[in-house]
Amino acid sequence: MKESTVPQKREETVPQTREEARTLVPAVDIFDVDDGLAVVVDLPGVQKDDVDVRVENDVLTIAGKGRHNIPGNLIYREFDLVNYFRQFQLSEHVDQDKIKAEMKCGVLTILLPKAEKVKPRKIAVNVN
């Protein structure tokens, strides 16, 4: 039986000028927590040193590069880990200077704290 999932090699007449890289949009869960929002991003195969979280022009950018961390020489591969990329537009309700990120077991958690001006506050009532 012939396996039809293996692409046949073709001779290219045009030189390849671009590297083929797959980029996936990671799955994200967003939670409303007491002090702001918690963004939980699934990044399987991505280590702490291979993730890039940044804010620029009110845009939160999450990028990660997946790689195998098994020592030794690869002799057979059926799948390859891919790169991840996702962006979110932030509002003025997020205090961008206090954003924190934590990576654990392929799950990235980003805490987006509320800006002080939008946090609820108690107003004292004076009696005259």
(Q) Regarding the stretch 100-115, can at least one residue be identified that is at pLDDT 95 or above, of a type in the set (S, T, N, Q) and either surrounded by fewer than 10 Cβ atoms within 10 Å (Cβ to Cβ) or within 20 Å of residue 40 (Cα to Cα) (or both)? (A) yes
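Please go through the stretch 60-78 and give me each residue that is of a type outside the set (Phe, Trp, Tyr) and in a loop (DSSP other than H, G, I, E, B), ordered by number.
Quick first cut of the stretch 60-78, residues of a type outside the set (Phe, Trp, Tyr) only: 60-75, 77-78.
Within the stretch 60-78, 67, 68, 69, 70, 71, 72, 73, 74, 75, 77, 78 meet the criteria.
Just to be sure, is residue 25 loosely packed, with under 13 Cβ neighbours inside 10 Å, within 22 Å of the chain's Cα centre (by Cα), closer than 15 Å to residue 84 by Cβ and modelled with pLDDT of 55 or more?
Numbers: loosely packed, with under 13 Cβ neighbours inside 10 Å: yes; within 22 Å of the chain's Cα centre (by Cα): yes; closer than 15 Å to residue 84 by Cβ: yes; modelled with pLDDT of 55 or more: yes.
Answer is yes for this residue.
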Q: Only residues that are of a type in the set (Ser, Thr, Tyr) and farther than 19 Å from residue 42 by Cα: list them for the stretch 71-99, please.
A: 76, 91
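Sort out which residues of the stretch 30-62 are more than 16 Å from residue 100 (Cα to Cα) and surrounded by 11 or more Cβ atoms within 10 Å (Cβ to Cβ), and write them in order of number. Don't jump to the end; show me each part of the working.
Residues of the stretch 30-62 more than 16 Å from residue 100 (Cα to Cα): 42-47, 50, 57.
Hits for the stretch 30-62 are 42, 43, 44, 45, 46, 47, 50.
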Q: Report yes if residue 48 is of a type in the set (D, E, K, R), part of a strand (DSSP E or B), modelled with pLDDT under 95 and more than 29 Å from residue 115 (Cα to Cα), otherwise no.
A: no
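Of all residues being loosely packed, with under 10 Cβ neighbours inside 10 Å and touching a residue at least 12 places away in the same chain (Cβ under 8 Å) in the stretch 69-90, which is nearest to residue 26 (Cα to Cα)? Just the residue, please.
Going residue by residue through the stretch 69-90, those that are loosely packed, with under 10 Cβ neighbours inside 10 Å are 69-79, 89.
Then drop every residue that is not touching a residue at least 12 places away in the same chain (Cβ under 8 Å), which leaves 69, 89.
Details: 69: 20, 89: 16 Å.
Per the stated criteria, the residue is 89.
The values are calculated or read from the model by the stated rules, or taken from the named source; none is laboratory data. Predicted, not measured: the structure shown is a model, and the values here were computed from it. Neighbour counts run over all protein chains shown; Cβ positions are idealised from the backbone, glycine included.
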